[in-house]
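Comments concern the structure below.
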Amino acid sequence: MPSPEARRPRRLKNPMRIPLIAANWKMHKNPAGTTSFFQSFLPLVETTVHCDIVICPSFLDIENALAATRGTRIRIGAQNLYWETEGAFTGEISGPMIKAAGCSYVIVGHSERRRYFGETDAGVLKKTVAALHAGLTPIVCVGERQEKNAPATLAAQFQGGVAGLSNEQFAEIVIGYEPVWAIGDGETATPEVAAGAHECIRAQAKARFGAAAAHQLRILYGGSVKPDNAGKLLAQPEIDGFLVGGASLDPVSFAELVNFETPAQAGRAS
């Protein structure tokens, strides 16, 4: 007799949610290093079509990244923005500036921005709206510092930083789930824990924006992602891709993550 687990119908990934693999280079590389990265990386992914690829270098490296990826499927994003379009805000960069530079995406509310620079859920909402007004796709980050606090933290960050969007705005965002306790220490949330957090986020989306909008939402996992744990994570129906930190700095390891396909994805591509 099959076990209860075997009898339970397995939820499949929504085929409309194209996987997205995004790199966050944080405060690493320089223009020459950026050019060198792409010289190695591009040949490794030139035939990759099953997923979207986004790379977010530092502001100073965006020009070189755009030049290196011109004519490819790779999109370039920024790691942050300010919510005003222009003004006396020394050191800040606006959404229109990022868009004019040639970027398509921007990371909003990363855990390091929250931790080191005091960003709040209210500020995340303002930045998300500013990104959308500029024509950028925001990757809005949420995540808990302690695993036991995940449901409450994710609900609070969603309500404070995402729920204030309109239905039309919500349809244009991506969410990045970062278990802060699994960032930088080599500790990764188990596939089951990661999937549970993604389910929590999708439940919040369903309650606020409806089942159809929640079903279309792409949610990325970010927390010590490496080629050796990518398969088990991507096998979870709720995980739609990755927001990669350290492993994205090396062209070979990041290409391995980009080129990984689940059997379901490979079947759709064939």
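Some points to look at:
- Test: residue in segment 211-225 that is more than 29 Å from Ser94 (Cα to Cα), of a type outside the set (S, T, N, Q) and surrounded by 23 or more Cβ atoms within 10 Å (Cβ to Cβ): yes
- Checking each residue in segment 239-254 for being in a loop (DSSP other than H, G, I, E, B) and under 24 Å from Met27 (Cα atoms) picks out Gly245, Leu249, Asp250.
- Put simply, of Cys51, Cys56 the only residue that is of a type outside the set (Gly, Ala, Ser), modelled with pLDDT of 95 or more and under 21 Å from Ala131 (Cβ atoms) is Cys56.
- Selection within segment 90-139 - touching a Phe, Trp or Tyr at 6+ places or on another chain (Cβ under 9 Å) and assigned to a strand (DSSP E or B): Ser94, Thr137, Pro138, Ile139
- When segment 240-263 is filtered for residues that are touching a strand residue (DSSP E or B) at 6+ places or on another chain (Cβ under 6 Å) and closer than 14 Å to Thr188 by Cα, the ones remaining, listed by number, are Phe242, Leu243, Val244, Gly245.
- Residues of segment 1-44 satisfying the condition of being at pLDDT below 95, touching a helix residue (DSSP H, G or I) at 6+ places or on another chain (Cβ under 7 Å) and of a type in the set (S, T, N, Q): Asn14
- Residue within segment 173-193 that is out of contact with any Lys or Arg (no Cβ under 7 Å at 6 or more places or on another chain), at pLDDT below 95, of a type in the set (S, T, N, Q) and crowded, with 20+ Cβ neighbours inside 10 Å present: yes
- Every residue from segment 105-123 that is among the aliphatic types (A, V, I, L, M) and in contact with a strand residue (DSSP E or B) (Cβ under 6 Å, 6 or more places away or on another chain): Val106, Ile107, Val108
- Qualifying position, being in contact with a Lys or Arg (Cβ under 6 Å, 6 or more places away or on another chain) and either closer than 20 Å to Val108 by Cα or not in a helix (DSSP H, G or I) (or both), among Val49, Val54: Val54
Residues are listed down the side, and each one gets a yes or a no for (1) polar (S, T, N, Q); (2) part of a loop (DSSP other than H, G, I, E, B):
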{"position": "Cys200", "(1), (2)": "no, no"}
{"position": "Gln204", "(1), (2)": "yes, no"}
{"position": "Ala213", "(1), (2)": "no, no"}
{"position": "Val225", "(1), (2)": "no, yes"}
{"position": "Asn229", "(1), (2)": "yes, no"}
{"position": "Leu233", "(1), (2)": "no, no"}
{"position": "Pro237", "(1), (2)": "no, yes"}
{"position": "Glu256", "(1), (2)": "no, no"}
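- Enumeration of residues in segment 197-214 that are under 17 Å from the mean Cα position of the chain (by Cα) and in contact (Cβ under 8 Å) with a residue 40 or more places away in the chain: Ala197, His198, Cys200, Ile201, Ala205
- Selected residue (only one of Val108, Val124 is aliphatic (A, V, I, L, M), without any contact (Cβ under 8 Å) to a residue 40 or more places away in the chain and in contact with a Ser or Thr (Cβ under 8 Å, 6 or more places away or on another chain)): Val108
- Top-ranked residue of segment 236-251 - restricted to ones that are more than 21 Å from His110 (Cα to Cα) and touching a helix residue (DSSP H, G or I) at 6+ places or on another chain (Cβ under 7 Å), ranked as surrounded by the fewest Cβ atoms within 10 Å (Cβ to Cβ): Pro251
- Test for Pro138: is it out of contact with any Lys or Arg (no Cβ under 9 Å at 6 or more places or on another chain) and either surrounded by fewer than 23 Cβ atoms within 10 Å (Cβ to Cβ) or touching a residue at least 24 places away in the same chain (Cβ under 8 Å) (or both): no
- Restricting attention to segment 57-78, the residues that are in a loop (DSSP other than H, G, I, E, B) and surrounded by fewer than 20 Cβ atoms within 10 Å (Cβ to Cβ) total 5.
The values are calculated or read from the model by the stated rules, or taken from the named source; none is laboratory data. In this text the structure is predicted, and so the values were computed from the model without any measurement. Don't worry about glycine lacking a Cβ; one is built from the backbone with ideal geometry, like all the others, and counts go over all protein chains shown.
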